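Visitor: Take a look at this one; I'll ask things after.
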Amino acid sequence: MRVDKFLWCVRYFKTRSIATNACKQGKVKIGTENLKPSKDVFPGDQLVVRKNQINYELEILDLPPNRVGAKLVNIYVQDKTPKEAFEKLDLLKYSKDYYRKKGTGRPTKKDRRDIDDWFDNASENTEDDGL
């Protein structure tokens, strides 16, 4: 089965064209080898799929006849992605919350109050260290 069709069948991509584009962009690999969308995959292959800033490590157990339901995906693929990858994504999500893009304008009242509170807490901590 083609790798793009397989990834679409086991619901790692919403459409087959998205799966094809991911293969063309080098986001689907076997080992260190980038795969073309037309590359055939077989049971026992180890795929690495980069999606949403996570490298999913997949082992192909069997080839589905066509697109399968979400509950049946475990029959065809075993996900071996380490838990640290998902924890990194959570940390990245939190870091983006506090980042202001350049050119977004002046800080709001809430931003100004948060900055003032931060400076007040920082100055209190330095005074405590000196005593």
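The values are calculated or read from the model by the stated rules, or taken from the named source; none is laboratory data. Values in this document were obtained by computation on a predicted structure and should not be read as measured data. With ideal geometry, Cβ positions are generated from the backbone for all residues, glycine too; neighbour counts draw on all protein chains shown. Please note that ligands, DNA and RNA were not included when accessible areas were found on the heavy atoms of the full protein model with its side chains. Shrake-Rupley method; radii C 1.70, N 1.55, O 1.52, S 1.80 Å.
Visitor: In the range 55-89, what count of residues is obtained for those that are within 18 Å of K27 (Cα to Cα), out of contact with any strand residue (DSSP E or B) (no Cβ under 7 Å at 6 or more places or on another chain) and surrounded by 12 or more Cβ atoms within 10 Å (Cβ to Cβ)?
Guide: 0
Visitor: Limited to the range 14-32, what total is found for residues that are surrounded by 13 or more Cβ atoms within 10 Å (Cβ to Cβ), part of a loop (DSSP other than H, G, I, E, B) and out of contact with any strand residue (DSSP E or B) (no Cβ under 8 Å at 6 or more places or on another chain)?
Guide: Within the range 14-32, residues that are surrounded by 13 or more Cβ atoms within 10 Å (Cβ to Cβ), part of a loop (DSSP other than H, G, I, E, B) and out of contact with any strand residue (DSSP E or B) (no Cβ under 8 Å at 6 or more places or on another chain) number 0.
Visitor: When the residues of the range 38-54 are narrowed to those that are within 23 Å of K93 (Cβ to Cβ) and in contact with a strand residue (DSSP E or B) (Cβ under 7 Å, 6 or more places away or on another chain), which ends up least open to solvent (accessible area, probe 1.4 Å)? Don't jump to the end; show me each part of the working.
Guide: Applying the first criterion (within 23 Å of K93 (Cβ to Cβ)) to the range 38-54 yields 48-54.
Those left that are additionally in contact with a strand residue (DSSP E or B) (Cβ under 7 Å, 6 or more places away or on another chain): 48-49.
Working: V48: 45, V49: 0 Å².
The residue in question is V49.
Visitor: Can you name the residue in the range 101-119 that is surrounded by 10 or more Cβ atoms within 10 Å (Cβ to Cβ) and basic (K, R) and is also modelled with the highest pLDDT among such residues?
Guide: Checked the range 101-119; the qualifying residue modelled with the highest pLDDT is R113.
Visitor: Regarding L35, is this residue surrounded by 12 or more Cβ atoms within 10 Å (Cβ to Cβ) and touching a Gly at 6+ places or on another chain (Cβ under 9 Å)?
Guide: Details: surrounded by 12 or more Cβ atoms within 10 Å (Cβ to Cβ): yes; touching a Gly at 6+ places or on another chain (Cβ under 9 Å): yes.
Spelling it out, L35 is indeed surrounded by 12 or more Cβ atoms within 10 Å (Cβ to Cβ) and touching a Gly at 6+ places or on another chain (Cβ under 9 Å).
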